[in-house]
Every structure is written in C-alpha cells, then in structure tokens.
Amino acid sequence: MADPSSYRPKPGQIPDSPGVYRFRDDHRRVIYVGKAKSLRPRLSSYFQDLANLHPRTRTMVTTAASVEWTVVSTEVEALQLEYSWIKEYDPRFNVKYRDDKSYPYLAVTLNEEFPRVQVMRGAKKKGVRYFGPYGHAWAIRETVDLMLRVFPVRTCSAGVFKNAERTGRPCLLGYIGKCSAPCVGRVTPDEHRELAEEFCDFMAGRTGAYIRRLERRMTDAAEEMEYERAGRLRDDIGALRRAMEKSAVVLADATDADLIAVAEDELEAAVQIFHVRGGRVRGQRGWVTDKVEEVDTAGLVEDALQQLYGEESGDSVPKEVLVPALPEDQVATDALSQWLSERRGSQVSLRVPQRGDKKDLMATVGRNAQQSLVLHKTKRASDLTTRSRALEEIAQALGLDSVPLRIECFDISHLQGDDVVASMVVFEDGLARKSEYRRFQIKGFEGQDDVRSMHEVIGRRFKRYLAEKERTGEWTEENEGSTAPGDNGDNGENADDAADDTTGQIPAAPGENGHADHLGLSSLKEDDGRPKRFAYPPQLVVVDGGQPQVAAAKRAMDELGIDDVAVCGLAKRLEEVWLPDDDDPVVLPRSSEGLYLLQRVRDEAHRFAITYQRAKRAKRIRTSPLDDVPGLGETRKQALIKHFGSVKKLRQATIEQICEVPGLGRKTAESVAVALAGTAPAAPAVNTATGEIMEDDGGSTHD
C-alpha cells in the first residue's frame, strides 16, 4: 500500500486551469481518470488526511503510485478527453455502468445495396439505423410483421438472398407480399432503398403524415371504384395503427426526448432510460453499477450521459434530454449540454423537468429505476454461491473458526434522547429471518447514551440465552434443528407497541412466536414446550457503531461469561469493521460480498429500529391527559379543546368555566379538573421538519 505523500505533486506544480488527470499504480496501469474545471484544488483534495477520504477514494490513492494531468482550454474538451481515456484505459476505480441485459434493437442496414430489416444486439455499426432498444426480441418481430405488409423490405440473410438470386425464385415472404423481392428483380435497388427509408421514417415517429397519405389514396381508390385496392390500403392503415399502438403515447407528437432516472444507495446505483420518439416510448433500458467512488446523483447522471451518448451521433442523440439532477456549477451543466449538441450536430436541451407531463413521466422512470435496484439486490442476495462467498469472506476477515451461519445485529434509535428503543435482526445463512426479529425498550436509564443502551440490550438478549441453557442444559443437534410453532415467515413487525410500564415487555401479536425482551425474565417456552427463538445463540453479533459500541457489547457478554460468540461493529461513516480490543479497523474491499452482507444486516437493523421508534413517538404525541378522564368520550374531548383552544388553557380554567362547554355536567367538569391538576404540563411539542414549537392541544393532530 503506497503512501500518497510519496507521489504528491510539489506546491505550485499543479496548474489552476481545466484539465483531465490520471492516477497510475506501480505497474503504470491507469486506475482512475477524472476531470476538473480547476486541477489544483481537485488534485489537492486527494492528498488530505486519509481518515477524511471516502473509503473507495482512500483505497484508490493508496493503490496509486503516481498522478499526471493534461491541461485543456475548456470544460467541453475536458469532458471529451475524460471519456476517451475511460474508454481506452478502462480504469478500475471509475464508475462503470453495465447493462442488466443485452438489449435487442430493430436495425435497418442502410449501408448495404439492398437494406435489410433485422434484430441486432451488441455494438452499433456505422451506416445502420437503429430503433429501440426493446425489452424482448419477439416484440421487434411482431412490429416488423405488421409493418412488412406496408413496407415490404428485405428481411432475409445474405445466404438466402444469394440463393434466391441464383435460382430466380423468391422466398415465401416474396410470394405472400411481405417482401418486394429485390432478389429476383421485382423492384430496382433504388425503389427498394426508398421503401427502406420510408420504413425508417415511420419508425422514427413521422407517422401521422404517412397514414394521412394512405387514407387519401384509399379514398381516391374508392371513388374510382377500385374497391380491391381500397381494401388493401384500409388493411395497411390498420396494420400500421396496430404497430403504433404497441408504443404508449406519453407526450406531444413532436416530442423527441430521452428521460434518465437514477435510484441509488450507499453501494450501488441503477439507471433507467426511456426513449421517447414522436411522443411515444420507443425503447427502454437500464443499467446497474457499483458506486466505486464518492459521487452524487448529478455525477452519476454525467457518467450515464457519457456512456449513453459517447459513441452516438446525429439523430441518435435526441433534441431533449431530461435528467433528475444537474451539476450545481452552471459551467459544468453548459459543458455537458454543449458536448451533447456537438454529438447531435444541433442544439440539445439538457434540463430537469419541473412540471406537467414530462415531470410525471420522469416519476415513472424513477419508479422503474428503484424497482430495478431492488430486483438487482434481491437477485444478488438470493444467490447461494454469492451468500456462501460473503460468509466465508466475513469469517476470514474477522478470524472466525467457521462461517457465521446465524448473525444478529443490534441498533439503537431515539429522537434527541426520547423514546429510546433498540432492534435485533437475524440473518441465517445470509438471508433475513424476519420471524426472529425483536424490539426492545430501553428501561435501565433515562436520556441519550447509545453506548450504555447497547450494553443493556446485549445483556438482556444473552440473559435470555443463559436462562434457556440453564433450563434445558447444553444444546443438542436435535434441539438446534427444531422449529418453533408460529415460525411461519411472519416478519416480527406487527407486535403491539404498547408496553407495560413496570416491565417494558411488548406483548406479541397473534401468530408471532415470541415477544420483545424486558428487564425481567419470563418463560421461554411456546405452548407445546419448544424453546423460543431467543434461546438460539448466534455465531456473530454485529452492532451498528464503532469502537465504543463494540466495547460495550463485548463487556456485556464478558459479564455474563459469554465467550463463544464473536462480536464486531460496522461504522457507517467509513464502512469500517471494528473488533474488540483492536485499535485499527478491518477494512474490507468495497466490492467485497462480505462487506455487502454486513451492510445489509446493519441497514435492516436500522430500518427496524427507526420504524419502531417513530411508532412509539407518534403514539406518545397522540396521548392526551384527557384520555384518563372517566366518562369523557372523543366528542366531548374535542368540544373542550375547541372551546378553550388548548390543554394548557383548559388546565387554567375553573370548574365553572369548564361547565360552560355544551354537554358537560359539573361532575364531569370536576373529573377533568382533577385529571389535569394531577398531570404536569408537558414539554412543548416540536415539529421536527420545521423546528416550529406547536401549541399543546391534547389532540391527535401533532403526529
């Protein structure tokens, strides 16, 4: 691992001008290419304290052995040179989008004497017109089949064409009128090329004028009593309209645009592109990439534009490109727009849609991108080989004797020290076991202390484990293979949030196979005597946090004599893995399946904890001192609040003033006064979105 200071340029060497830079490793291989409107501050940012760098950036600068740069005059030149170098060197640390499939295109080979319509995949060829991409090849064939009766263009291979020329007999399509049979001289090369160009015009979206022309010809034929020809034209019009119906109308007829949306998380990003031509969605495709560098949404969009249009020119670059985000620097945005315009040969509008149909369609593209990312993660997580490799990487990195088949992860959640809760999620064989999830209320102390909370939760969880061991003795293989009733895939998230004030116990909902922990120890048996799932020991405990949380978890386990369970922590900021008593973290490669699994476990624990915490907070905010007044229903509570304006003013009112509220007798008024006198005024509610201090009304509106 190289020390970045060993190859850091000397002060004053780096020019303060636009340019493109390359980092090389000790074998002179280019490992990263970047551009900057000013090279000096950009390159200097790579040579700061390593602890402040993004993990992937830190890995890059410690892998590199040298850096070099090329000065250019404009940002457009920088963009072009960056793209050229990325294509040439394929640097390992640059963002690389990969198609989640090889998309088929409808292609017309205008570079041949007799143009051919066919399905094509892979790299685009010069002189060939492409339409799409399509989701499936059969969709192209269905469209072409409808179009051939109107545009009988050649679709046969070179071998079939030459054989027909040699024998003087056309293929079946020539006999049934779906090919103009240029192979046997029914049409001249110029006439056949004109048919192919009309086919391309129609596919490019210029449909209205052509159909109107056919309709006029049909009307003329009917007036001349050439009913057979009019019938054929009618059928041709119907075929073209059916072909058009296969593409959804989304925007105005004259709209040619590409819409690009991005869905991302800390590790990966998915890009979806909708190609709209003539107001219709003519194609769709998607990419998924690992985020191998620290990059925001605008940066992902810029990389997508480069890879989408870097090899395109002319009409392949649309008049309008709609994106979810643009660089904050207007100069960078202008450079991108200019680069696209140069690729097209005319002005290209690059913008973020703000309203109307285009914004609505962008939302649809965004949903497709999100679904693509979820599907990609699901496939990746469900792959047995990948999960096995992830568990082996974790075992190797943490020095475990065997792979951790059961992993439990704990997270603490609170809002400014209130409603402190914790979660426990379980992954077995690399997959979430939601029926085993558990939730905790922190009851041992008041206030915000994540380290102390983690110590309490780990202690409570393993007290349950020890109690079960004491009751049943050491586990046998038969015990470990048993399945508790109710373990039916319930996600463990439906337990009642109401907790007993003395125990903190959260009762289980019907169908769950256990309940959340509390400070006392209760029976660990199900109704038929089988052990509850708290009794299963994990091979690895993961805590959300760094050294302090790991130390607290280890201390809690040591106090209980637990020495056969490994523990580690995953710090979110730098995604470092911390082990007890180690001063330095374990840094797993960004592309590691083991790190990916640990992050999924940690993120799931965070999601489960914050969901519970929000539910508790919402319930607490909805609680009113008036709830405990006997005989006071919801209608009269609302009448009291409406009359006085708030619980605070109601608390200051006399019994006689309360009696003035319609529907309240003196006895009820006395009960209200007694109930409010026995409750201390609560702290003012705060709207966490705006910071506004809200008037206490005792109602259910401050959720």
>> Can you tell me the length gained on complete extension of the stretch Tyr227 to Leu415, counting 0.36 nm per residue apart and subtracting the Cα distance?
In response: 59.8 nm
> Label Gln370 and Ser6 with points 7 Å out from Cα along Cα→Cβ: what is the distance between them in nm?
Replying inline: 4.7
>> Under 16 Å from a point placed 7 Å out from the Cα of Val160 along the Cα-to-Cβ direction: which residues of segment 173-196 have their backbone N that close?
In response: 173-184
> Give me the log10 of I(q) over I(0) for segment 31-125 at q = 0.22 Å⁻¹, as the Debye formula computes it from C-alpha points; what are the numbers?
Replying inline: -1.18
>> Under the rule a/c < 1.5 gives rounded, and otherwise a/b versus b/c splits prolate from oblate, where does segment 427-472 land using the Cα gyration tensor?
In response: oblate
>> Give me the extension gain from Val674 to Ala618: residue separation times 0.36 nm, minus the current Cα-Cα distance, reported in nm with one decimal.
In response: 17.6 nm
>> Report the gain in length on full extension from Glu197 to Arg92: 0.36 nm times residue separation, minus Cα-Cα distance, nm rounded to one decimal.
In response: 33.6 nm
> So if we plug the beta-carbon distance of Asp584 and Lys126 into 1/(1 + (r/R0)^6) with R0 = 56 Å, what FRET efficiency do we get, rounded to 0.05?
Replying inline: 0.55
> Simple spin-label model, 7 Å along Cα-to-Cβ: Ala639 to Ser38 in nm?
Replying inline: 7.0
> Using a 1.4 Å probe, what is the accessible area per residue for segment 1-83, in Å²?
Replying inline: 48
> In nanometres, what is the gap between the two model label sites at His27 and Ser66, each 7 Å from Cα along Cα-to-Cβ?
Replying inline: 1.6
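Dipole size in debye (nearest 20) for segment 314-356 around its Cα centre, Lys and Arg Cβ +1, Asp and Glu Cβ -1? List each step's numbers first, then the result.
On the way: 5 positive and 6 negative charges, 41 e Å.
Its charge dipole is roughly 200 debye.
How much of the accessible area of segment 21-61, probe 1.4 Å, is carbon plus sulfur, in whole percent? Mind showing how you got there, number by number?
Working: 810 of 1820 Å².
For segment 21-61, the apolar C and S fraction of the accessible surface comes to 44 percent.
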> If R0 is 35 Å, what FRET efficiency do you get for Asp429 and Asp290 from their C-beta distance, rounded to 0.05?
Replying inline: 0.90
> To the nearest 0.05, how large is the calculated FRET efficiency for Arg217 and Leu110 if R₀ is 35 Å and r is the Cβ-Cβ distance?
Replying inline: 0.85
>> Cα atoms only: what Rg and Dmax, in Å, come out for segment 144-212?
In response: 12.7, 40
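The values are calculated or read from the model by the stated rules, or taken from the named source; none is laboratory data. No experiment lies behind these values; they were computed from the predicted model shown. Ideal geometry is used to build each Cβ from the backbone, glycine not excepted, and the neighbour counts take in all protein chains shown. We work out accessible area using only protein heavy atoms, side chains counted, and drop any ligands, DNA or RNA first. Shrake-Rupley method; radii C 1.70, N 1.55, O 1.52, S 1.80 Å.
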